[in-house]
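J.: The structure's right below; bear with me while I get my questions together.
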């Protein structure tokens, strides 16, 4: 009798727990395939689709925030270029003196530097602006040769691009076992370092190839750079090596930050190993590049996993222009007017982007509401049925407990009550 009571008591306790959980959670059919396998399958599918929809909606909201950041920068850039256009117009005035134009020119250059800082804004990690996305690309500027504080030869060139395929030919022009080092930098961060490199076969033989109809000497290296991305290849027939015990493991690359369009070529910098030279050695190099547009931020736009790329925008910083003379001011005036027209096109592109993101976000939001409504209907509990089942099992459990107390009086009555 005691064993039978314990068995029935355990069964009723489980039924009481099930009813209580179903009433509390509202999940009667969808949580238990034995109750309704069809409802279970549909509810699980809806739960998964709702998660995808929520993720897609969040990604679209993030994309909207990034587009808003683009809009703010473009709007501010437009105001600056309007002011630069006004300064250029004032500098064309024949009554203005050289001193007046010099004052206007300093202000003009300050605004150009501000535009450059806007271009490299990294409030968000994804790159939102690209000089190559502008309708009018800034000119390439080659600077005078420099000598660094360590005595290294430095050449700077502004390629007006954050992404490029950089091609380098590099060799030592003597027959000795002389090692030299070349570093390529974007801004102040190196993205290619040859290490202590011997660019001939040890007997003075140097690699050569025909490039655009011209014989070009030197081992060949090609580096593709993007903000926070880099890939590197070298010619299979290169003659030299970087097997120097002073600086092992070279050539090396590291991804640039995308915070400058200036590429620096530094020859015989000491590097992190502090390899200093007492005298210069013979070296020659040639550098060329193909500018490229950068990739924009990408995110999932729908529950199917489709990808949406937020296109970077761009504008000219008007670098290389000045308004110190009437002739130069006239050129800057024309160029700034062209840039204002280009910015209006960029603003139209932004308006189209906002519209697309908002439409897709609304579509995903509506679908999410429909999914949650359908899931709620499947998960609705028959409260009356569950409460009846709960009350029945509670009464039976109470009766069983009461009968057990008086079991010593009549074992037969106890058995009859339990059954």
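J.: Inside segment 148-197, can you point out the residues that are more than 30 Å from residue 134 (Cβ to Cβ) and part of a strand (DSSP E or B)?
T.: 153, 169, 170, 171, 180, 182, 193, 197
J.: Among the residues that make up segment 214-223, is at least one of them in contact with a strand residue (DSSP E or B) (Cβ under 9 Å, 6 or more places away or on another chain), within 29 Å of residue 261 (Cα to Cα) and not in a strand (DSSP E or B)?
T.: yes
J.: Need the failing condition index for residue 395 against (1) modelled with pLDDT of 65 or more; (2) surrounded by 12 or more Cβ atoms within 10 Å (Cβ to Cβ), just the number.
T.: (2)
J.: Can you find even one residue in segment 324-344 that is surrounded by fewer than 17 Cβ atoms within 10 Å (Cβ to Cβ) and modelled with pLDDT under 80?
T.: For segment 324-344, residues surrounded by fewer than 17 Cβ atoms within 10 Å (Cβ to Cβ) and modelled with pLDDT under 80: absent.
J.: Can you pull out the residues in segment 261-283 that are crowded, with 19+ Cβ neighbours inside 10 Å and in a loop (DSSP other than H, G, I, E, B)?
T.: 261, 268, 269, 271, 283
J.: Is it fair to say residue 286 is under 30 Å from residue 114 (Cβ atoms) and either surrounded by 15 or more Cβ atoms within 10 Å (Cβ to Cβ) or modelled with pLDDT of 85 or more (or both)?
T.: no
J.: Going through segment 167-180 one residue at a time, which ones are closer than 16 Å to residue 267 by Cβ and either modelled with pLDDT under 90 or under 22 Å from the mean Cα position of the chain (by Cα) (or both)?
T.: Those that are closer than 16 Å to residue 267 by Cβ and either modelled with pLDDT under 90 or under 22 Å from the mean Cα position of the chain (by Cα) (or both): 170, 171, 172, 173, 174, 178, 179, 180.
The values are calculated or read from the model by the stated rules, or taken from the named source; none is laboratory data. Because the structure is predicted, anything quoted here is derived from the model rather than measured. Every residue, glycine among them, receives a Cβ derived from its backbone with ideal geometry; neighbour counts consider all protein chains shown.
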